[in-house]
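Worksheet for the structure shown next.
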Amino acid sequence: MAGILGYGTYYVSSIYNGLQGLQKKGEASPFREIEKVDAKAPEPPKWEGTEPVNILLMGVDARGFEEGEIPRSDSMLVASIDPVKKKMYLFSILRDTYTEIPGHGSNRINTAVTHGPKTAMKAVGDLLGIPIQYYVYTDFQGFIKLVDSVGGVDFYVEKDMKYSSKADKNEYDIDLKQGMQHLDGNKALQYVRFRYDKMGDFTRTERQRELLKAVAKKMQTTTSIMKLPDILNAVSPYIDTNMDVNDMWKLANVGYQSKMKGSEQVPPMKLLVEANIGGAAVLTVRDPQTLKDYIQEVLNAPEPEPKTGGSGDKKAGGSETETGNSSGKGKTSSGSSSPSQEN
């Protein structure tokens, strides 16, 4: 009994220390050089624990940047969790979306983080029409460490993917074969970075959503929960967030109990307009209010009513319908459909 209690104490203490290490302050913060600028941005709204919570996930390509420099976002996603309905949604934001960056005029959405995380949160929240309470910021290495620390994921790669660049000494070349396979951190990064097909960033954001859904599902397994101290220790050096430990405990509990209900590209194709502003090719939103309404429609879509079969009350199908793209471009081993700086 003493041994069990001792391990329990060690486990909880290790998790607490690991969570505490994710929030960087002072010289440890990647945003230390722009803290004075970011301090002028509006404070993110507080999350009380019962209303929906929205988390901005930002991944950057830090190659070629000096320590303390902040590159533009390579990927931007918003995880929306409803703690009452136990539902999660994932939105990926096209990085060339042209919108207002609070306090800094209008520009591509992926430039917002260069003015600080609070500015990025406000810009994304204004675009989607929802409050963004938290952010999580990482780079390529952080993503690799996360996937490796959960033991990789079994995932269906929908086609051969190949890309080579001497600019970074071929460190981040892409070479994947079509088919179901086990993706470690490096291969998972290759998958979410590939954009050399006809739809470019459109299909890439879809891949990012689907791969992250597979990682999130793996994180909810008993094995990953038991390995949580090691996972946190592996990713901590590469991640920054504004969540404190209490926030993380609450979110971890809500996330574990919630089910992923869908994922969407933002803005959706029907609201996109290609434009040239200041000599740069960007994507503008046809009607900003319609975009906000669209987000609410996704988040508040009613549950599909169970269908009854021909005999008795047995439910037909046996699975819930998700909102989102069902093109089947990629599949995890469970059968769910899958799917910036330069690569």
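Data for the structure
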quantity	calculated
Breaking point among (1) closer than 24 Å to LYS187 by Cα; (2) open to solvent by less than 80 Å² (accessible area, probe 1.4 Å), for LEU251	(1)
Among the residues listed as MET161, MET180, MET219, the single one being in contact with a Phe, Trp or Tyr (Cβ under 9 Å, 6 or more places away or on another chain), exposed (fewer than 15 other Cβ atoms within 10 Å of the Cβ) and among the hydrophobic types (A, V, I, L, M, F, W, C)	MET180
Residues located in segment 1-36, provided they are polar (S, T, N, Q) and at pLDDT 70 or above	SER14, ASN17, GLN20, GLN23, SER29
Extreme residue, nearest to the chain's Cα centre (by Cα), among residues of segment 188-206 that are in a loop (DSSP other than H, G, I, E, B) and charged (D, E, K, R)	ARG195
Residue within segment 151-162 that is closer than 25 Å to PRO267 by Cα and in a helix (DSSP H, G or I) present	no
Search result, residues across segment 259-299 that are acidic (Asp, Glu), within 18 Å of PHE91 (Cβ to Cβ) and out of contact with any Gly (no Cβ under 9 Å at 6 or more places or on another chain)	ASP287, GLU297
Residues (in contact with a helix residue (DSSP H, G or I) (Cβ under 8 Å, 6 or more places away or on another chain), closer than 20 Å to MET243 by Cβ and open to solvent by 10 Å² or more (accessible area, probe 1.4 Å)) located in segment 134-157	TYR134, TYR135, TYR137, THR138, ASP139, PHE143, LYS145, LEU146, SER149
Matching entry among ALA79, ALA120 (being touching a Leu at 6+ places or on another chain (Cβ under 6 Å) and either at pLDDT below 90 or open to solvent by less than 50 Å² (accessible area, probe 1.4 Å) (or both))	ALA79
Considering residues of segment 244-283 that are of a type in the set (Val, Ile, Thr) and out of contact with any helix residue (DSSP H, G or I) (no Cβ under 9 Å at 6 or more places or on another chain) only, the residue modelled with the lowest pLDDT	VAL254
Cross-chain or 6+ apart pairs with Cβ under 7 Å, segment 123-151 first and closer than 26 Å to GLY68 by Cβ and among the β-branched types (Val, Ile, Thr), then open to solvent by 40 Å² or more (accessible area, probe 1.4 Å) and in a helix (DSSP H, G or I)	THR138/TYR238; ILE144/ASN186
Output for segment 223-240, where each listed residue is open to solvent by less than 70 Å² (accessible area, probe 1.4 Å) and more than 13 Å from GLY18 (Cα to Cα)	SER224, ILE225
Cβ pairs under 8 Å, 6+ apart, first in segment 177-199 and more than 11 Å from ILE144 (Cβ to Cβ), second among the acidic types (Asp, Glu) and in a loop (DSSP other than H, G, I, E, B)	LYS177/ASP160; GLN178/GLU158; GLN178/ASP160
Long-range neighbours under 7 Å by Cβ, at least six apart or interchain, first residue farther than 16 Å from VAL153 by Cβ within segment 219-231, second part of a helix (DSSP H, G or I)	LEU228/ILE15; PRO229/TYR11; PRO229/SER14; PRO229/ILE15; PRO229/GLY18; ASP230/SER149
Hits in segment 103-142 - residues which are of a type in the set (Gly, Ala, Ser) and assigned to a helix (DSSP H, G or I)	ALA112, ALA120, ALA123, GLY125, GLY142
In segment 14-71, residue farthest from SER236 (Cα to Cα) [restricted to those that are of a type in the set (A, V, I, L, M, F, W, C) and surrounded by fewer than 16 Cβ atoms within 10 Å (Cβ to Cβ)]	ALA39
Checking ARG209 against (1) surrounded by fewer than 19 Cβ atoms within 10 Å (Cβ to Cβ); (2) assigned to a helix (DSSP H, G or I), the condition it does not meet	(1)
The listed residue being of a type in the set (Asp, Glu) and under 25 Å from ALA62 (Cβ atoms), out of ASP247, ASP230	ASP230
Condition met for THR241 (modelled with pLDDT of 90 or more, closer than 28 Å to PRO44 by Cβ and in contact with a strand residue (DSSP E or B) (Cβ under 6 Å, 6 or more places away or on another chain))	yes
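The values are calculated or read from the model by the stated rules, or taken from the named source; none is laboratory data. Since this is a predicted model, take the numbers as computed values, not measurements. Here Cβ is always computed from backbone atoms with ideal geometry, including for glycine, and neighbour counts include all displayed protein chains. When the accessible area is computed, the model is the full protein with side chains, heavy atoms only, and any ligands, DNA or RNA have been set aside. Shrake-Rupley method; radii C 1.70, N 1.55, O 1.52, S 1.80 Å.
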